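Q: This structure is in structure tokens; I'll ask about it shortly.
The values are calculated or read from the model by the stated rules, or taken from the named source; none is laboratory data. Everything quoted here is computed from the prediction, not taken from an experiment. Cβ sites come from the backbone with ideal geometry, for glycine too, and all protein chains shown count toward neighbours.
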Amino acid sequence: MEIDAHAKQQLRGLVSAIQRFSIHDGPGIRTLVFMKGCPLQCLWCGNPETQQFKPQLLYSSNRCIGCASCLKACPNGSIIMAGNGKPKTDRKLCRDCGICTQVCPSGARTMVGMYMSVEELLCEVKKDAPFYRSSDGGVTVGGGEPAMQSQTVSELLRRCQLELNINTAIETCGFADYQALETTVRFADLIFYDIKHMEPSRHRVLTGVSNQVILENIRRLALEGNRKIVIRTPIIPGYNDSEDSIRKLGEFAAGLGKAIARVELLPYHNYGAIKYIQLGRRYRLGKVKIPAPEHLSRLKDIIVATGIAAQIG
Ligand code: SF4
Ligand code: SF4
């Protein structure tokens with residue numbers, strides 16, 4: 001659905017972070033904009049703070065000095081002092097209002113998620129323009145799932161691409177109404193498209209949703225054929241890394257035709273584990289090991305044998 005110029009000026013997005021100087025998510029040096037809110041709940045998610053579509057409280061115990069200011073400030077009685085002299089937040093009572101973060105003197109309590117207008121986002125992006133020019137870099141919008149905020153992301157990328165001549169990329173999980181997805185990627189020079197498993201029931205166990213919409217959407221994007229698509233698959237040992245599973249992925253990707261530039265296999269890491277603790281959540285993949293280089297190399301060869309380019313990382 002097209003919206004008018006006035007509505008475009010009012011667009012705001014819920015953003016969890018802006019990260020500068022990335023070299024992994026598109027050509028050159030890039031600024032990454034992480035949208036907040038995702039329809040999937042992948043077991044291994046490295047950015048759990050981007051999953052919920054609302055600002056959220058983060059608590060870092062190692063920064064807490066035990067002053068108890070937060071206890072007195074919380075209007076919901078969500079915080080009690082634990083035996084170790086540090087506060088404990090009952091997440092069922094917490095409303096993520098952020099009041100405790102305003103009185104915390106040590107930065108132990110912070111909020112993740114800020115509403116920003118397209119103008120404010122552009123202002124941040126433009127700060128890195130010299131690096132885009134010197135490296136053929138640009139902007140990549142990920143998350144979370146950008147298609148949950150399709151109008152805002154589309155307008156941001158439209159202005160980057162058409163007004164500022166900045167290269168644009170999108171990272172999507174593909175689980176969206178097709179019209180919203182098409183709107184989101186309309187001004188993207190490159191699409192990173194996640195496929196986490198080829199088997200619908202297994203996909204549901206790992207992410208909370210079937211992959212049917214995801215596979216159908218990438219078929220339609222590939223048929224349009226006007227943008228390059230890179231398929232990304234996280235390799236999670238014991239969950240989606242069997243040779244048979246990866247072969248099916250390669251065959252599917254190869255069948256999509258020329259729009260698919262390559263398949264990228266992204267080795268599992270646990271860098272996000274600390275964020276689960278900060279959100280008061282349990283990290284469920286604590287025992288999973290990082291995949292061995294020779295296993296990754298074998299999986300890459302399997303993809304290449306199906307007739308499509310592949311790379312690790
Ligand atoms: S975010 Fe609000 S409700 Fe939650 S612990 Fe802090 S003050 Fe209490
Ligand atoms: S206000 Fe901050 S430093 Fe003080 S007890 Fe609460 S979390 Fe700890």
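Q: Please state which of the following conditions Gly107 fails to meet, knowing it meets all the rest: (1) out of contact with any helix residue (DSSP H, G or I) (no Cβ under 8 Å at 6 or more places or on another chain); (2) surrounded by fewer than 17 Cβ atoms within 10 Å (Cβ to Cβ).
A: (1)
Q: Which fully enclosed helices (runs of 4 or more DSSP H) of segment 66-162 have 3 or more residues being over 21 Å from Leu14 (Cα atoms) and away from ligand 2 (no atom under 16 Å from the Cβ)? Can you show your working first?
A: Numbers: elements: 69-73, 99-103, 118-126, 129-135, 150-158.
Qualifying helices (runs of 4 or more DSSP H): 129-135.
Q: Follow-up. Consider segment 82-107. How many of its residues are at pLDDT 95 or above and under 20 Å from Arg281 (Cα atoms)?
A: Total satisfying the criteria: 16.
Q: Scanning segment 1-45 for residues that are hydrophobic (A, V, I, L, M, F, W, C) and farther than 24 Å from Lys126 by Cα, which turns out surrounded by the most Cβ atoms within 10 Å (Cβ to Cβ)?
A: This residue is Cys38.
Q: Would you please list the contacts, defined by Cβ atoms under 9 Å and residues six or more apart or on different chains, that run from a residue in segment 62-76 that is of a type in the set (Asp, Glu) to a residue that is more than 8 Å from ligand 2 (Cβ to nearest atom)?
A: none
Q: What pairs come up if the first residue lies in segment 224-244 and is in the same structural domain as Gly208 (by TED's automatic domain parsing) and closer than 15 Å to Thr207 by Cβ, the second is of a type in the set (Phe, Trp, Tyr) and in a strand (DSSP E or B), and their beta carbons are under 7 Å apart, counting only those six or more places apart or on different chains?
A: From residues that are in the same structural domain as Gly208 (by TED's automatic domain parsing) and closer than 15 Å to Thr207 by Cβ, the pairs are Arg232/Phe192; Arg232/Tyr193.
Q: I'm trying to understand the selection: among the residues of segment 76-87, which are away from ligand 1 (no atom under 11 Å from the Cβ) and at negative phi?
A: Of everything in segment 76-87, those that are away from ligand 1 (no atom under 11 Å from the Cβ) and at negative phi turn out to be Met81, Ala82, Gly83, Asn84, Lys86.
Q: Report yes if some residue within segment 166-183 is of a type in the set (Gly, Ala, Ser), surrounded by fewer than 19 Cβ atoms within 10 Å (Cβ to Cβ) and either within 16 Å of ligand 2 (Cβ to nearest atom) or closer than 19 Å to Ile18 by Cα (or both); otherwise report no.
A: No; the residues of segment 166-183 include none that is of a type in the set (Gly, Ala, Ser), surrounded by fewer than 19 Cβ atoms within 10 Å (Cβ to Cβ) and either within 16 Å of ligand 2 (Cβ to nearest atom) or closer than 19 Å to Ile18 by Cα (or both).
Q: What is the one condition in (1) closer than 30 Å to Ala188 by Cα; (2) buried (at least 23 other Cβ atoms within 10 Å of the Cβ); (3) of a type outside the set (Phe, Trp, Tyr) that Pro130 does not satisfy?
A: (2)
Q: Name the residue that is nearest to Gly144 (Cα to Cα), counting only residues in segment 88-113 that are more than 7 Å from ligand 1 (Cβ to nearest atom), out of contact with any Ser or Thr (no Cβ under 6 Å at 6 or more places or on another chain) and without any contact (Cβ under 8 Å) to a residue 24 or more places away in the chain.
A: Restricting to residues being more than 7 Å from ligand 1 (Cβ to nearest atom), out of contact with any Ser or Thr (no Cβ under 6 Å at 6 or more places or on another chain) and without any contact (Cβ under 8 Å) to a residue 24 or more places away in the chain, the top hit is Lys92.
Q: Return the pairs, sorted by first residue and then second, in which the second residue is among the hydroxyl-bearing types (Ser, Thr, Tyr) and part of a loop (DSSP other than H, G, I, E, B), the first residue lies in segment 266-294 and is under 13 Å from Asp241 (Cβ atoms) and touching a residue at least 60 places away in the same chain (Cβ under 8 Å), the beta carbons are less than 7 Å apart, and the residues are 6+ apart or on different chains.
A: Partner pairs satisfying both residue conditions: Val288/Tyr268.
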